[in-house]
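Visitor: Next up is a structure, given as structure tokens.
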Amino acid sequence: MNSEQNEKEQRSIKSLRKTLSDIFALSKPYRFRFYLATVAVLIASAIWLTVPLGLRELLDAVFEAGNRELLNLLAIGLFGLFILQALFSFTGNYHLEWVGERVITDLRKKVYEHLHRLGFRFYAERRLGEITSRLTNDVGSIRTALTDSLPQMFTITFSLVGSVALMVVLNWRLSIVIFLTVPLITIATRYFGLKIRKLSRSIQDDLADSTAVAEDALGAIRLVKAFVREDYEVDRYNNAVEQLFGTARRKVVLTQLFWSGVGILFLSTLVIIFWYGGQEVLAGRLTAGDLVAFIIYALNISRSVSQTSRLYAAINTAAGATERIFDLLEEIPEIEDEPDAIDLAEAEGGIRAENVWFSYDDGRPVLKNISFDARPGQTIALVGPSGAGKTTLLNLIPRFYDPQQGAIFLDGTDIRAYRIKSLRKQISLVPQEVYLFGTSVKENIRYGNLDATDEQVAEAALASNAHDFIMEMTNGYDSLIGEKGVKLSGGQRQRLAIARAILKDPAILLLDEATSSLDSESEAQVQDALEKLMKNRTTFVIAHRLSTVQNADMILVLDNGEIVESGTHNRLISRDGLYSHLYALQFRDLDEPETLV
């Protein structure tokens, strides 16, 4: 058992060293400022270490020499030392904290940029609240370590070593009393440090869980209220934060036991020093000034060790957060540019798939041997039962995922040969569930082209049949639409999404059930906007409306991940296949088209 415990402690210490090394590595771009701050802090600490010696001379000058003039000079000298120490301390600490804040700013930017590089598979396996917690809470813990704990640890260590050295010079016998406590503190630090660090990581995990619970519920507040689940969600969050409290309480108990034990140990040591030092003064082997200086150094060591224990706990907390952050940064993006990838300047829009196979993590094929050829400007409809693989096929075209076998070609070139950003600039997606930002109408449309003028934004809104309802809003294009467009109807949100796609002006358009959840009036307006958008563009439509299916140049009928039929509407109707069967099920009257699955 002891060998296992020692091995666990060694792994923990090694991991902590690596974590600290990772944190310090972040400050490398600012090493000149860091070195400047370090020198200033060292000088400030060195000046502070001379203060007890000055007090010793001051006391000896009064009680032994009775030299009033020397007393005045020493008092003035000490006052000057305090000012000098304050100046160097301010300079050093300011620059250390500047470096810490700068590093944390860089880290936040780096983590956020990395999150945008990660693919859909990563987000499918994690809750958004957990990711947000890493970006905010975990980075905040590292900030505490960089701007507070580590700089203090640096100065305290120097002060501790200096105090011990000067104590030995003053009286080596008294120093032995201090040295006897060091092994006990070391043992306690290793024992409690391992447990505190483990609990610190658990706290970060529990905090992420509680954040995820809150974000889930608040993000779906309409659903919560519609099903009268406020109490249920409050209970869920309460349970999560109570679990967080329980873990935090255990950490507080351990931390306070550690601090209290160290405090008792040093206070007892001070009593012994005071008693034994008094004996030395009475025996004439130590002056009163020496004893006062020695006690000040002992107090300095006590304060330093006490602060070190607190800072050690804080650094262990930061270490747990740092591990989580670096785990995140080590996530490899699933979809990346090939080393020799090229830019796609302008696409014609020809899309060809050859023997494409795709599966998610479970290994079960979602798409099997998919092949088709869409010429520029054609409209391709994807039809089939739910779960047939229609949306998955659509997601392969902009490389949200890559197939395990086969390839998709754009204008005769494998899409993996293009740089991802240049490929996606040629593609627009209009999904069934439109995502809008909680900003203004204008900013949501301009997301399609950030350089677009107000006139171009208005033209896109006109083309998408959105201009009229926008102008009826209180502030027109500057009106705020609420989180996820909560102030708009489904049809209005769809038309803003179409306006956004029009402004992007893509060569390829992906429509994923864009009209399936709308009422007849909204559908007519959206369908009219879609027809304008689809003109002269290669369009893939997950088809749920007969009008879209009838007008398509080619219909791909998918079932269980395979293309079981393909052709035009009239040709497929004439066959006794899946398409004809779906048509018969879903359309009772050919003059009144309804939903096609």
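Visitor: Among the residues of the range 117-129 satisfying the criterion of being surrounded by 17 or more Cβ atoms within 10 Å (Cβ to Cβ) and at pLDDT 75 or above, which is nearest to Ala318 (Cα to Cα)?
Guide: Start the filter on the range 117-129 by keeping residues that are surrounded by 17 or more Cβ atoms within 10 Å (Cβ to Cβ), which leaves 118-119, 129.
From what's left, at pLDDT 75 or above: 118-119.
Working: Leu118: 24, Gly119: 28 Å.
Checked the range 117-129; the qualifying residue nearest to Ala318 (Cα to Cα) is Leu118.
Visitor: Which of the residues belonging to the range 351-371 are in a loop (DSSP other than H, G, I, E, B) and touching a residue at least 24 places away in the same chain (Cβ under 8 Å)? Break it down into steps so the answer makes sense when it comes.
Guide: Step one: of the range 351-371, the residues in a loop (DSSP other than H, G, I, E, B) are 360-364.
Result: Tyr360, Asp361.
Visitor: Would you confirm whether or not the range 133-154 contains a residue that is in contact with an Asp or Glu (Cβ under 6 Å, 6 or more places away or on another chain), closer than 30 Å to Asp402 by Cα and touching a residue at least 60 places away in the same chain (Cβ under 8 Å)? Step through it out loud before you land on a result.
Guide: Within the range 133-154, the subset in contact with an Asp or Glu (Cβ under 6 Å, 6 or more places away or on another chain) is 147.
Cutting the leftovers down to closer than 30 Å to Asp402 by Cα gives us none.
Checked the range 133-154: no residue is in contact with an Asp or Glu (Cβ under 6 Å, 6 or more places away or on another chain), closer than 30 Å to Asp402 by Cα and touching a residue at least 60 places away in the same chain (Cβ under 8 Å).
Visitor: I'd like the full set of residues that are of a type in the set (A, V, I, L, M, F, W, C) and over 16 Å from Ile508 (Cβ atoms), limited to the range 379-414. Walk me through how you get there before you give the answer.
Guide: In the first step, residues of the range 379-414 are kept if they are of a type in the set (A, V, I, L, M, F, W, C); the result is 380-383, 388, 393-394, 396-397, 400, 407-410.
Within the range 379-414, Val383, Ala388, Ala407 qualify.
Visitor: Of all the helices (runs of 4 or more DSSP H) wholly in the range 520-597, which have at least 2 residues that are outside the structural domain of Ile498 (by TED's automatic domain parsing), at pLDDT below 70 and among the hydroxyl-bearing types (Ser, Thr, Tyr)? Quick ask: steps written out before the conclusion?
Guide: Details: elements: 520-534, 546-551, 569-574, 578-586.
The qualifying helices (runs of 4 or more DSSP H) are 520-534, 546-551.
Visitor: Another question, if that's okay. Arg68: closer than 30 Å to Ser133 by Cα and not aromatic (Phe, Trp, Tyr), yes or no?
Guide: Values: closer than 30 Å to Ser133 by Cα: no; not aromatic (Phe, Trp, Tyr): yes.
No, not satisfied.
Visitor: Output the residues belonging to the range 5-62 that are of a type in the set (Gly, Ala, Ser) and either modelled with pLDDT under 70 or outside the structural domain of Ala319 (by TED's automatic domain parsing) (or both). Even if it seems obvious, please write down each step before you answer.
Guide: Initially, the range 5-62 is screened for residues of a type in the set (Gly, Ala, Ser), giving 12, 15, 21, 25, 27, 37, 40, 44-46, 54, 61.
Matches in the range 5-62: Ser12, Ser15, Ala61.
Visitor: Follow-up. Conditions first: (1) in a helix (DSSP H, G or I); (2) surrounded by fewer than 17 Cβ atoms within 10 Å (Cβ to Cβ). Leu393 passes all but one, so which condition is the exception?
Guide: If we test Leu393 against (1) in a helix (DSSP H, G or I); (2) surrounded by fewer than 17 Cβ atoms within 10 Å (Cβ to Cβ), just (2) comes out false.
Visitor: Return a yes/no flag: does the range 351-366 have any residue that is of a type in the set (A, V, I, L, M), touching an Asp or Glu at 6+ places or on another chain (Cβ under 9 Å) and under 20 Å from Leu429 (Cα atoms). Spell out the reasoning first.
Guide: Keep residues of the range 351-366 that are of a type in the set (A, V, I, L, M), which gives 351, 353, 356, 366.
Among the residues that remain, those that are also touching an Asp or Glu at 6+ places or on another chain (Cβ under 9 Å) are: 351, 353.
If we keep only those that are under 20 Å from Leu429 (Cα atoms) as well, we get 351, 353.
Checked against the condition, which is being of a type in the set (A, V, I, L, M), touching an Asp or Glu at 6+ places or on another chain (Cβ under 9 Å) and under 20 Å from Leu429 (Cα atoms), the range 351-366 yields at least one hit.
Visitor: Next question. Can you tell me which residue is nearest to Lys195 (Cα to Cα) among those in the range 243-295 that are aliphatic (A, V, I, L, M) and not in a helix (DSSP H, G or I)? Don't jump to the end; show me each part of the working.
Guide: Our first condition is that a residue be aliphatic (A, V, I, L, M); within the range 243-295, this holds for 244, 248, 252-254, 257, 262, 264-265, 267, 270-273, 281-283, 286, 288, 291-293, 295.
When the remaining residues are screened for being not in a helix (DSSP H, G or I), the result is 283, 286.
Working: Ala283: 47, Leu286: 43 Å.
This residue is Leu286.
Visitor: Can you tell me which residue in the range 403-435 is modelled with the lowest pLDDT, limited to those that are assigned to a loop (DSSP other than H, G, I, E, B) and surrounded by fewer than 17 Cβ atoms within 10 Å (Cβ to Cβ)?
Guide: Going through the range 403-435, the residues assigned to a loop (DSSP other than H, G, I, E, B) turn out to be 403-404, 411-412, 419, 425-426, 432-435.
In the following step, the residues that additionally are surrounded by fewer than 17 Cβ atoms within 10 Å (Cβ to Cβ) were identified as 404, 412, 419, 433, 435.
Values: Gln404: 90, Gly412: 90, Arg419: 92, Glu433: 78, Tyr435: 81.
Per the criteria, the residue is Glu433.
The values are calculated or read from the model by the stated rules, or taken from the named source; none is laboratory data. For clarity, every value in this text was computed on a predicted model and none was experimentally measured. As a convention, Cβ positions derive from the backbone with ideal geometry for all residues, glycine included, and neighbour counts pool all protein chains shown.
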